[in-house]
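Asker: Submitted below is the structure of interest, expressed as structure tokens.
The values are calculated or read from the model by the stated rules, or taken from the named source; none is laboratory data. No experiment lies behind these values; they were computed from the predicted model shown. Neighbour counts run over all protein chains shown; Cβ positions are idealised from the backbone, glycine included. For accessibility, only protein heavy atoms count, side chains too; no ligands or nucleic acids. Shrake-Rupley method; radii C 1.70, N 1.55, O 1.52, S 1.80 Å.
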Amino acid sequence: MRKILFVELLGGIGDVLIALPAIVALSRSYPQADLTVLTLPPGGELLESDPRITRVVYADRDNPRKSVELLLASHTFDLIVSDTNYDGIEQVIQNSSASRVVTNLWRSPPADERVGDRFLQILLTENLISTDAHATPTLHLTSDEQRRA
């Protein structure tokens, strides 16, 4: 995998934090890959300083599906992973030219499993992350934020 896209368009900062372990596991499993995250503000701001993420792309909050369509029309990805399945976004991703696609990371959650752990379990089952790719996700501060801390 050389180019990976993670689509997180649920809209909240908490949703980005829930997805972060899966994003980190993908980056650790494919350390040479360019990793793009398509998300919404303000959650994406938490990812901008992360050295594991090549690029954060912001979707239009009023039309996230169009943002997915535009990104996929202008870029190709080997792997697309998405926790988003509303407004036909899942079908747009399924119809992309990506070699591998994993959508609906929310599928069939056991009642006693945390959502972030479910994401990781699905990626493990799909053989997309290595068992040693699990790491405690961390947020990375910008230089300006570090000076103010």
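Asker: List pairs: first in the stretch 86-101 and more than 14 Å from Ser67 (Cα to Cα) and of a type in the set (A, V, I, L, M), second open to solvent by 80 Å² or more (accessible area, probe 1.4 Å) and not in a loop (DSSP other than H, G, I, E, B), Cβ under 8 Å, 6+ apart or cross-chain?
Answerer: Within 8 Å, the pairs are Val101/Gln94.
Asker: What number of residues within the stretch 83-100 are in contact with a Ser or Thr (Cβ under 7 Å, 6 or more places away or on another chain) and either among the hydroxyl-bearing types (Ser, Thr, Tyr) or not in a helix (DSSP H, G or I) (or both)?
Answerer: Selection size over the stretch 83-100: 2.
Asker: Is it true that Tyr58 is closer than 14 Å to Phe77 by Cα, of a type in the set (Phe, Trp, Tyr) and surrounded by fewer than 22 Cβ atoms within 10 Å (Cβ to Cβ)? Spell out the reasoning first.
Answerer: Values: closer than 14 Å to Phe77 by Cα: no; of a type in the set (Phe, Trp, Tyr): yes; surrounded by fewer than 22 Cβ atoms within 10 Å (Cβ to Cβ): yes.
Here the answer is no, as Tyr58 does not meet what is asked.
Asker: Condition test on Leu70, is it within 12 Å of the chain's Cα centre (by Cα) and over 30 Å from Thr131 (Cβ atoms)?
Answerer: no
Asker: If Asn127 satisfies all but one of (1) at pLDDT 85 or above; (2) assigned to a helix (DSSP H, G or I); (3) under 17 Å from Leu26 (Cβ atoms); (4) open to solvent by 40 Å² or more (accessible area, probe 1.4 Å), what's the number of the condition it fails?
Answerer: Asn127 satisfies all of (1) at pLDDT 85 or above; (2) assigned to a helix (DSSP H, G or I); (3) under 17 Å from Leu26 (Cβ atoms); (4) open to solvent by 40 Å² or more (accessible area, probe 1.4 Å) except (2).
Asker: Considering every residue within the stretch 86-97, establish whether at least one is in contact with a Leu (Cβ under 6 Å, 6 or more places away or on another chain), open to solvent by less than 80 Å² (accessible area, probe 1.4 Å) and either at pLDDT 95 or above or of a type outside the set (Val, Ile, Thr) (or both).
Answerer: Within the stretch 86-97 (the criterion being in contact with a Leu (Cβ under 6 Å, 6 or more places away or on another chain), open to solvent by less than 80 Å² (accessible area, probe 1.4 Å) and either at pLDDT 95 or above or of a type outside the set (Val, Ile, Thr) (or both)), the answer is yes, since at least one residue qualifies.
Asker: Which one is surrounded by the fewest Cβ atoms within 10 Å (Cβ to Cβ) among residues in the stretch 68-82 that are touching a strand residue (DSSP E or B) at 6+ places or on another chain (Cβ under 7 Å) and in a loop (DSSP other than H, G, I, E, B)?
Answerer: Thr76
Asker: Could you please find all residues in the stretch 1-28 being closer than 15 Å to Asp78 by Cβ and open to solvent by 30 Å² or more (accessible area, probe 1.4 Å)? Can you show your working first?
Answerer: Narrowing the stretch 1-28 to residues closer than 15 Å to Asp78 by Cβ: 1-7, 26-27.
Answer for the stretch 1-28, where residues must be closer than 15 Å to Asp78 by Cβ and open to solvent by 30 Å² or more (accessible area, probe 1.4 Å): Met1, Arg2, Lys3.
Asker: Report whether or not Leu38 is surrounded by 14 or more Cβ atoms within 10 Å (Cβ to Cβ) and part of a strand (DSSP E or B).
Answerer: yes
Asker: Condition test on Ser27, is it modelled with pLDDT of 90 or more and either charged (D, E, K, R) or not in a loop (DSSP other than H, G, I, E, B) (or both)?
Answerer: In short, yes.
Asker: Is it the case that Gly44 is on the phi > 0 side of the Ramachandran plot and either surrounded by 16 or more Cβ atoms within 10 Å (Cβ to Cβ) or touching a residue at least 60 places away in the same chain (Cβ under 8 Å) (or both)?
Answerer: Answer is no for this residue.
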